[in-house]
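The values are calculated or read from the model by the stated rules, or taken from the named source; none is laboratory data. Predicted, not measured: the structure shown is a model, and the values here were computed from it. Please note: Cβ atoms are built from the backbone with ideal geometry, for glycine as well, and neighbour counts cover all protein chains shown. Ligands, DNA and RNA are stripped out before the accessible areas are found, and what is left, the full protein with its side chains, is counted by its heavy atoms. Shrake-Rupley method; radii C 1.70, N 1.55, O 1.52, S 1.80 Å.
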Amino acid sequence: MEVSKITNQLTIDTFAGKITNSERAFAEFGIKKMDKIMNTLEKSVHHRYLRRGIMFGHTDMEKVFKTIQQKKPFAVMTGIKPTGQYHIGSLITCNEVLYFQSLGGKVYFCIADMEAYLHNGTPLKEGHETAIDNIADILALGLDLDNVYIYKQSEEKNVLRLGSMFSKNVTYNMMKAIYGEQKFGAYQSSLIQAADILFPQLEEFEGPLQTVTPVGLEQAPHARLTRDLARKQIYQEQFGFEMPSFTFHKIIGSLDGGEKMSKSAGNSFMLTLAETPKTLKKKIAAIFTGGRETKQEQLEHGGRPEICRVFDLLQFFFMDEDIELTKRTTECRNGGILCGVCKQDLFTRANHFISKHQEKKMQKFEHAKQLLEK
Ligand code: SF4
């Protein structure tokens, strides 16, 4: 099976989560490569996503890492659109958020119910029910409630107020230049997202401080809009915002080898944390691999981990030890392992992780409900 070829053209559809050319996105949006600052970091702040080139781009992260080194406060911005079950693509961001929280960051966790309404037409009440489920997921994944502020966009007046204030200083042409032609609801939700990222710097919260927002590369336009707003003189004078930093991660492709695993692609092309052993097995059996047509070819030429979704899932989520991942890469390339064996190994690991997660999640539901209804 052919993988999609990267064209020379850059097209980003932030709202659909699509991007065609990472290299050009870096240049276009002034994103720096993470490997340039890796060497300056102490081993204690390394994360496997940094070492594996998954968290591969950033803006102004030097300042955040310096803040961490100096043990000063900083904030980590994140959120989820409550439109369905917690899918495994969201786990990338969650792992990054937990990493920054472990380094001392206070997490601001947004339930993006306004965005779900504006983009997906999800009624706020329905979004609320889904959000309880999603929050139970992130609690089970290990979010530390001693250092977190969880809120719903539709109810956090500071966010709505700031988003409205931002709208005074953007024009249709500016928004079109960043996002292309969109409905006004999409532009409006972008301004609300900028407010999500900047409101912890208001006096009522932390005041101006370093912040980091981990996102997928397709979110680069949101990062640009937020930084453009933060540096505007009018908001500098009024709020004194520190420039918000971002990390950018690679996007995990869909199980059939497509470019992105997303809720919109359909359930059979993605993994969720709600899989049963039966559905998990079925999905892994059908997954796109970098294997060869025949066993003989695989033994002679080896597989291609660089295009393989089994390998992606191992390196993003289910193989924590670098040494194991290096071993698997070598085995695959040398024809030392067949895809059937590799898939079985993935199933064992993913099933263990997901079933443990579901046990923990069951115990977190009531707490999640209380948190959102407080
Ligand atoms: S051996 Fe594993 S990593 Fe290699 S192509 Fe097959 S499934 Fe992918």
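In region 250-280, which residue that is among the polar types (S, T, N, Q) and open to solvent by less than 50 Å² (accessible area, probe 1.4 Å) is modelled with the lowest pLDDT?
Going through the qualifying residues, I end up with Ser262.
Looking for something touching a residue at least 40 places away in the same chain (Cβ under 8 Å), closer than 23 Å to His249 by Cα and not acidic (Asp, Glu) - is there at least one such residue anywhere in region 121-134?
There is at least one residue in region 121-134 that is touching a residue at least 40 places away in the same chain (Cβ under 8 Å), closer than 23 Å to His249 by Cα and not acidic (Asp, Glu).
Look at His367 and say whether it is farther than 30 Å from Thr122 by Cα, more than 16 Å from the ligand (Cβ to nearest atom) and either part of a helix (DSSP H, G or I) or open to solvent by 80 Å² or more (accessible area, probe 1.4 Å) (or both).
no
Just need a number here: residues in region 268-326 that are more than 10 Å from the ligand (Cβ to nearest atom), in a loop (DSSP other than H, G, I, E, B) and among the hydrophobic types (A, V, I, L, M, F, W, C).
Going through region 268-326 one residue at a time, the tally reaches 6.
Which one of the conditions (1) farther than 25 Å from Ile111 by Cβ; (2) open to solvent by less than 10 Å² (accessible area, probe 1.4 Å) does Lys66 fail to meet, given that it meets all the rest?
(2)
Restricting attention to region 327-338, which residues are farther than 17 Å from Arg349 by Cα and open to solvent by 80 Å² or more (accessible area, probe 1.4 Å)?
If the condition is that a residue be farther than 17 Å from Arg349 by Cα and open to solvent by 80 Å² or more (accessible area, probe 1.4 Å), then Arg333, Asn334 are the ones that fit.
Conditions first: (1) buried (at least 19 other Cβ atoms within 10 Å of the Cβ); (2) within 15 Å of the ligand (Cβ to nearest atom). Thr247 passes all but one, so which condition is the exception?
So Thr247 meets the others, but not (2).
Conditions (1) touching a helix residue (DSSP H, G or I) at 6+ places or on another chain (Cβ under 9 Å); (2) open to solvent by less than 50 Å² (accessible area, probe 1.4 Å); (3) β-branched (Val, Ile, Thr); (4) assigned to a helix (DSSP H, G or I), marked per residue:
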{"position": "Cys110", "(1), (2), (3), (4)": "yes, yes, no, no"}
{"position": "Met114", "(1), (2), (3), (4)": "yes, yes, no, yes"}
{"position": "Lys125", "(1), (2), (3), (4)": "no, no, no, yes"}
{"position": "Asp133", "(1), (2), (3), (4)": "yes, yes, no, yes"}
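What pairs come out if I take residues in region 344-358 that are in contact (Cβ under 8 Å) with a residue 24 or more places away in the chain and among the aromatic types (Phe, Trp, Tyr) and pair them with residues that are in a helix (DSSP H, G or I) and more than 16 Å from the ligand (Cβ to nearest atom) whose C-beta lies under 9 Å away, six or more apart or interchain?
From residues that are in contact (Cβ under 8 Å) with a residue 24 or more places away in the chain and among the aromatic types (Phe, Trp, Tyr), the pairs are Phe347/Pro277.
Please list, ordered by residue number, the helices (runs of 4 or more DSSP H) wholly in region 169-233 having 3 or more residues that are within 20 Å of Phe109 (Cα to Cα).
Because the criterion is at least 3 residues that are within 20 Å of Phe109 (Cα to Cα), the helices (runs of 4 or more DSSP H) in region 169-233 that meet it are 184-198, 220-231.
Among the residues of region 281-316, write down those that are in contact (Cβ under 8 Å) with a residue 60 or more places away in the chain and crowded, with 19+ Cβ neighbours inside 10 Å.
Ile284, Phe288, Asp312, Leu313, Gln315, Phe316, listed by residue number.
Assess whether Ile354 counts as being more than 13 Å from the ligand (Cβ to nearest atom), part of a helix (DSSP H, G or I) and closer than 23 Å to Gly253 by Cα.
Here the answer is yes, as Ile354 does meet what is asked.
Mind counting the residues in region 159-176 that are open to solvent by 80 Å² or more (accessible area, probe 1.4 Å) and within 16 Å of Pro221 (Cβ to Cβ)?
Selection size over region 159-176: 3.
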